[in-house]
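Colleague: Here it is, the structure, as structure tokens.
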Amino acid sequence: MSQRPTYSLDEIKSMLLDQLDGVVAQYAPPAKGSYTAFGKYFTLNPGRADRSVGSFCVTMTGADAGRWNDYAVGSVPGKGYGDVLDLIALSLDCDLAQAVREARSFLGLRSDSPEDFARRKEAARKAAVRRSKAEAEDRARKRARSAQAQAIWLGGQERIADTPVEFYLRDQRCIDLRALGRQPRVLRFVPECSYYHEDPKTGEVFEGSYPAMVAMATNQRGENVAVHRTYLARDAQGRWNKAPVPAAKKVLGEYHGSAIHIWKGIGPRGGKPVGLRHAPAGTHLFMAEGIEDALSIVMLKPEARVLAAISSETSALSPCPTR
């Protein structure tokens, strides 16, 4: 009796990724309002009572092809994010073993001849090579974006007093940094910062150059990985406000899992506190969504350590516009 051909989990995933359009059509079908933008396909979450398109998406290209996220759910494996097999499990509300059986059926692996088996094995190998190459290219792109982000921040003015940044924070958000005696070092001012935005639904492009408040985002290893930009312009009353553009706040770089270290606070004996990475266990910190909210905490509790998340998901799974 001949032995049934077997495929590894990685080979099954590779074959699914080679047919990703069909997988998505089957297990995350289009719904009213579905659209594709920047290599991501947005539709309703097939695993819950999702009422509107926008929070659930599947990456269709690049090294992360097949990965999906539901930003409304958050960092819950299999519910808030996962890979192509997890997508099948999510859609059918089943476990991984059942999802693998479903994948084999979808791929037509149940009745493989020896010739089919050899052909599929070779196809899976080639797909793995392509994925490895895509991952290497993706890492290179991430390094380039992080370098560009650092260049923007380093090129900004360290002193923000008497700049549009100070006026915007003071007049629009009632944040008077001079009352603190010093400014957060993470904030800088760029007089002319390039702006680019492409509407994901219409493809309309907005380009220009605006003054900007910029802040560096740091990951858990203490590496500067992304720059957050708040574009500014004078409003009808002549006051500095957010620029009248589709997305006045943008992030450049790999900001997932990072935060903006707004304020170190005051040490336990009144001196300068240590950096967050060296803070003792049990150290309290405050975290807010966005720079302005974080600065408001600083104004109320200047002794506290305060971080700003780029989104309510602490930058781990954020749909914040990037470019």
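We did not get these values from a lab; they are worked out from the coordinates using the rules stated. The structure presented is a predicted model; accordingly, all values stated were derived computationally and were not measured. Cβ: placed from backbone, ideal geometry, glycine included. Neighbour counts: every protein chain shown.
Colleague: Using the 2.2 N^0.38 Å rule of thumb for compact globular proteins, work out how the chain stacks up: its C-alpha Rg over that value, please.
Modeller: My calculation over the Cα atoms of the chain gives 1.20.
Colleague: Could you work out the longest stretch of the chain that avoids the GluC sites (Glu not before Pro) located in DSSP loops with at most 14 other Cβ atoms within 10 Å?
Modeller: Result, exposed sites excluded: 1-157.
Colleague: If I take R0 = 25 Å and measure r between the Cβ atoms of Arg51 and Leu9 in this structure, what FRET efficiency does the formula 1/(1 + (r/R0)^6) give, to the nearest 0.05?
Modeller: 0.15
Colleague: Which of the lysines could a cross-linker span from Lys301 if the Cα-Cα distance has to be under 17 Å and same-chain partners fewer than 8 positions apart are dropped?
Modeller: Lys264, Lys272
Colleague: Return the ratio Rg/(2.2 N^0.38 Å) for region 1-109, where Rg is computed over Cα atoms only.
Modeller: My calculation over the Cα atoms of region 1-109 gives 1.08.
Colleague: Given the DSSP H assignment, sum -39500 (n - 2.57) over each helix run of at least 4 residues in the chain and divide by its residue total; what's the result at 222 nm in deg cm²/dmol, nearest 500?
Modeller: About -10000 deg cm²/dmol.
Colleague: Let me ask something else about it. Go through 274-283, 30-39 and give me the packing order, highest mean Cβ count within 10 Å leading.
Modeller: Result, highest mean Cβ count within 10 Å first: 30-39, 274-283.
Colleague: Please report the relative contact order for the chain, taking Cα pairs under 8 Å with a sequence separation of at least 6, and give it as a percent rounded to a whole number. Don't skip to the answer; put the middle values down first.
Modeller: Numbers: 568 pairs, mean separation 40.4, N = 323.
So the answer I get is 12 percent.
Colleague: Placing unit charges on C-beta atoms (Lys and Arg positive, Asp and Glu negative, everything else neutral), compute the dipole magnitude of the chain about its Cα centre in debye, rounded to 20.
Modeller: Charge dipole, the chain, about its Cα centre: 840 debye, nearest 20.
Colleague: Hey, another quick one. Hey, rough spin-label estimate for Asp138 and Ala97, points 7 angstrom out along Cα→Cβ, what's it come to in nanometres?
Modeller: Here the modelled spin labels are 3.0 nm apart.
Colleague: Follow-up question, since we're still on this one. Which Cα, out of Leu187, Ser91, Pro211, lies furthest along the positive dipole direction of the chain (beta carbon charges, K/R +1, D/E -1)?
Modeller: In the chain, that residue is Leu187.
Colleague: What share of Cα pairs, in percent, lie more than 28 angstrom apart in region 155-309?
Modeller: The calculated P(r) of region 155-309 puts 22 percent of pairs beyond 28 Å.
Colleague: Which listed residue (Ala151, Ile266, Pro77) has the Cα farthest towards the positive end of the charge dipole for the chain, taking +1 on Lys and Arg C-beta and -1 on Asp and Glu C-beta about the Cα centre?
Modeller: Of the listed residues, the answer is Ile266.
Colleague: Using a Förster distance of 22 angstrom, determine the FRET efficiency expected from the C-beta separation of Glu192 and Phe38, and round it to 0.05.
Modeller: Approximately 0.30, to the nearest 0.05.
Colleague: Report, in whole Å, the centroid distance computed from the Cα atoms of region 18-35 and region 83-153.
Modeller: 16 Å
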